[in-house]
Amino acid sequence: MVERKRIGIPEGVKVKESVGEEAEFPFDISPMYEGERIRKGDMFVELGGPTQPGFELVMALPVDQVEDMKVTLIGPDLDEMEEGKAYPYAMIYYIAGEMVETDLEPVIERRNHDFQNYIEGYMHLNQRYDIWIRIGKNAIKKGLKSLIQIAKATMMLYKNELPFIEKIEAVYITDKDLVEKLLNELAMPIFEERDARVEALSDEDVDEFYSCTLCQSFAPTNVCIVSPDRPSLCGAITWFDGRAAAKVDPEGPNRAVPKGECLDPIGGEYSGVNEFAKQESGGEYERIKLHSFFEYPHTSCGCFEVIGFYMPEVDGIGWVHRGYAEPAPNGLTFSTMAGQTGGGKQVVGFLGIGIAYFRSKKFIQADGGWYRVVWMPKELKERVAKYIPDDIRDKIATEEDAKTLDELKEFLKKVDHPVVKGVVRPVDGQKITNGWVEEEEEAEEAVEEVAAEAPAAQPAQPAAMQPMPMQMPGFQLSALQIPASSAAPAGVKLIIKDAKITIDKVIVRKAEKEKKGGK
């Protein structure tokens with residue numbers, strides 16, 4: 001177990017300290033500010049986020065080691081920051097109390113997202129090592145001068161909302177070297193320790209799962225179900241964490257969800273989960289399969305660490321994490337796909353997950369698990385490499401192998417990836433896809449036919465625009481929402497319901513010229 005102890009403050013860094021409650025704050029504090037978005041043009045500074053290191057961490061300590069309502073700020077404060085810039089940011093909380101235990105750390109830590117979004121002019125997104133904070137210009141104009149004020153307000157909310165916390169102390173850090181050092185040497189080992197606890201447990205071993213509704217302020221219909229084999233989308237809550245939270249706050253955001261009858265052991269569908277999903281989503285969703293990518297997938301909030309995306313051109317699934325800024329082989333970046341995936345929607349073809357789900361023995365097992373995965377950024381693949389089966393690990397491409405669909409297709413053929421000839425899912429030995437070798441040959445014949453029909457004077461189509469052979473997966477689509485990967489008329493959304501799609505041939509003909517004088 002990673003030792004919990006107060007951090008040491010290195011010599012030569014700037015330090016501010018403040019003890020005691022704040023008499024008043026220059027900003028409103030209310031749940032009405034949950035969901036407030038601060039756009040770049042309205043931003044004074046950004047803390048953490050895509051370009052700077054950051055993390056939030058809660059550690060349980062003995063009562064005599066915590067100085068109640070004390071804040072220590074290490075590094076530059078708001079009055080030393082330049083408008084429009086981004087800065088490193090770490091938020092560490094020491095907590096103590098008779099009922100406080102190590103199991104509660106991640107639960108209390110996740111409420112930082114909840115409470116800080118009560119603060120007017122302060123936007124908190126994500127969790128753990130992915131925190132992304134923006135402070136609005138209006139907050140500065142109203143009198144916000146120091147991050148110590150933010151820390152005091154947050155600690156006040158913690159003690160008011162979670163009275164079992166008897167003492168709380170905060171250390172906020174904006175010194176980049178110290179943020180990076182503590183992230184690597186303290187925070188990441190603790191996060192790893194928490195995630196590893198649940199690996200020996202499976203969904204079948206328990207009678208109830210747990211919910212997390214913290215993100216409903218941003219995604220009102222999101223229903224996050226946390227089971228032993230499926231951690232929360234943000235990666236911050238495991239089944240053990242949900243159980244600990246439900247004990248101290250049974251009516252809070254982490255409530256027990258009876259499993260009920262198992263309706264689909266491979267997809268992970270349970271009657272109790274379906275009833276809870278219908279209730280919590282306001283009737284928006286009636287079925288959820290915890291381990292399915294395509295059929296009634298889990299909803300996605302927006303705090304997810306990783307997005308899975310289906311590529312019909314190769315009949316495979318790619319995964320991209322929040323820290324990868326380049327476009328995936330489908331031509332879309334993480335942020336672009338996040339807009340399609342998030343919001344508490346159930347979108348066939350896109351799925352948000354927590355990185356810890358890659359550890360699960362039931363990882364998208366209904367759709368072939370790792371044998372359906374065709375691409376991941378190198379950083380993400382290396383991070384979860386030990387959980388990828390040996391016989392498929394080297395067949396999953398990274399950006400070093402393929403940056404486009406054409407390159408990915410060539411790589412998959414070269415390594416003889418299962419998607420080429422058809423995926424057999426390990427859980428039951430069933431072949432779930434037909435492969436795309438024959439379809440490729442038919443598509444090449446169709447392209448030749450197009451070329452033969454095209455007028456001789458017609459200029460050749462650029463290589464980047466050559467039509468790709470497409471095979472839809474062999475399953476019934478209950479509702480497919482297809483995002484445009486290129487420019488499309490604003491406000492257009494194509495929804496295909498209860499349809500099975502097959503394409504035998506694609507023929508492209510030159511449009512007839514309009515008659516002279518026609519409109």
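The values are calculated or read from the model by the stated rules, or taken from the named source; none is laboratory data. On a predicted model such as this, the values are computed, not experimentally measured, just so you know. Cβ sites come from the backbone with ideal geometry, for glycine too, and all protein chains shown count toward neighbours. Note: accessible area is taken over every heavy atom of the protein model, side chains too, but ligands, DNA and RNA are not part of it. Shrake-Rupley method; radii C 1.70, N 1.55, O 1.52, S 1.80 Å.
The Cβ shell under 13 Å around Asp249 holds other residues with a net charge of +1, Lys and Arg each +1, Asp and Glu each -1.
Residue by residue, segment 46-60 carries 3J(HN,Hα) couplings of 10, 10, x, x, x, 10, 10, x, x, 6, 10, 8, 10, 10, 7 Hz when phi is fed to the Karplus relation 6.51 cos²θ - 1.76 cosθ + 1.60 (θ = phi - 60°); x denotes Gly or Pro. Charge tally for Ser30 (other residues, Cβ to Cβ under 11 Å; Lys, Arg +1; Asp, Glu -1): -4. Karplus-based coupling profile of segment 382-395, in residue order and whole Hz: 5, 5, 10, 3, 5, 9, 8, x, 4, 7, 10, 4, 7, 9, with θ = phi - 60° in 6.51 cos²θ - 1.76 cosθ + 1.60 and x standing for Gly or Pro.
Given +1 at the Cβ of Lys and Arg, -1 at the Cβ of Asp and Glu and no other charges, the dipole of segment 15-200 around its Cα centre is 740 debye to the nearest 20.
The tail of the calculated P(r) for segment 149-224, taken as Cα-Cα distances beyond 16 Å, holds 75 percent of the pairs.
Under a 5 Å amide H cut-off, with hydrogens placed 1.01 Å from N, Val226 pairs with Tyr210, Ser211, Cys212 among residues at least 5 apart or on other chains.
Hey, which of these cross-link pairs are over 32 Å Cα-Cα: Lys181/Lys381; Lys141/Lys176; Lys152/Lys247; Lys259/Lys409? Could the numbers behind the result be given before it?
Numbers: Lys181/Lys381 23 Å; Lys141/Lys176 27 Å; Lys152/Lys247 27 Å; Lys259/Lys409 41 Å.
Over 32 Å Cα-Cα: Lys259/Lys409.
Residue by residue, segment 80-94 carries 3J(HN,Hα) couplings of 10, 9, 8, 4, x, 8, 10, 9, x, 7, 10, 10, 10, 10, 9 Hz when phi is fed to the Karplus relation 6.51 cos²θ - 1.76 cosθ + 1.60 (θ = phi - 60°); x denotes Gly or Pro. Computed from the C-beta positions of Phe164 and Val206 and an R0 of 25 Å, the FRET efficiency is 0.55 to the nearest 0.05.
Let me have the relative contact order for segment 204-436, percent, based on Cα pairs under 8 Å that are six or more residues apart. Walk me through the numbers before you get to the answer.
Values: 503 pairs, mean separation 41.6, N = 233.
Relative contact order of segment 204-436: 18 percent.
If each of Val19 and Val427 carries a label point 7 Å out from its Cα toward its Cβ, how far apart are those two points in nm? In this crude spin-label approximation the distance works out to 5.6 nm. With a Förster radius of 35 Å applied to the beta-carbon distance between Glu98 and Lys378, the computed FRET efficiency rounds to 0.15.
Hey, could you get me the Stokes-Einstein D for segment 15-200, Kirkwood radius over alpha-carbon pairs, 4 °C and 1.567 mPa s, rounded to whole µm² s⁻¹? Display every interim value, and only then the final one.
On the way: Rh = 16.6 Å.
Using the Kirkwood radius from Cα pairs, D works out to 78 µm²/s.
On the beta carbon distance between Asp391 and Ala196, with R0 = 22 Å, the FRET formula returns roughly 0.35. When the alpha-carbon atoms of segment 330-387 are used, the pair Rg, Dmax equals 12.3, 32 angstrom. In segment 15-200, Cα pairs under 8 Å separated by at least six residues give a relative contact order of 35 percent.
What area, in nm² and to one decimal, does the C-alpha convex hull of segment 273-383 cast on average over all directions? Before the final figure, lay out each step's value.
Working: hull surface 26.8 nm².
For the Cα atoms of segment 273-383, the hull's average projected area reads 6.7 nm².
Taken as Cα centroids, segment 380-421 and segment 172-243 sit 28 Å apart, rounded to the nearest whole angstrom.
Return a whole-number percent for the relative contact order of segment 1-115, with Cα pairs under 8 Å and 6 or more residues apart as the contact set.
Working: 115 pairs, mean separation 42.7, N = 115.
Relative contact order, segment 1-115: 37 percent.
Annotation: amide H of Val206 has no partner in the under-5 Å range at sequence separation 5 or more or interchain, hydrogens built in the peptide plane.
Rolling a 1.4 Å probe over the protein chains gives Lys137 an accessible area of about 70 Å². Rolling a 1.4 angstrom probe over segment 204-436 with all protein chains present gives an accessible area of which 46% lies on carbon and sulfur atoms. Once you list every other residue whose beta carbon is under 10 Å from the beta carbon of Cys224, what net charge do they have if Lys and Arg are +1 and Asp and Glu are -1? Here the charged neighbours net out to 0.
Close amide H partners of Gly435, meaning residues 5 or more places away or on another chain with modelled amide H under 5 Å apart, are Gly422, Val423. Accessible area per residue for segment 132-212 is 41 Å², calculated with a 1.4 Å probe on protein heavy atoms, without ligands, DNA or RNA. Accessible-area rank, largest first, for Met32, Met81: Met32, Met81, with all protein chains present and a 1.4 angstrom probe. Along its principal axes, segment 204-436 has C-alpha extents of 53, 36, 31 angstrom, given from the largest down.
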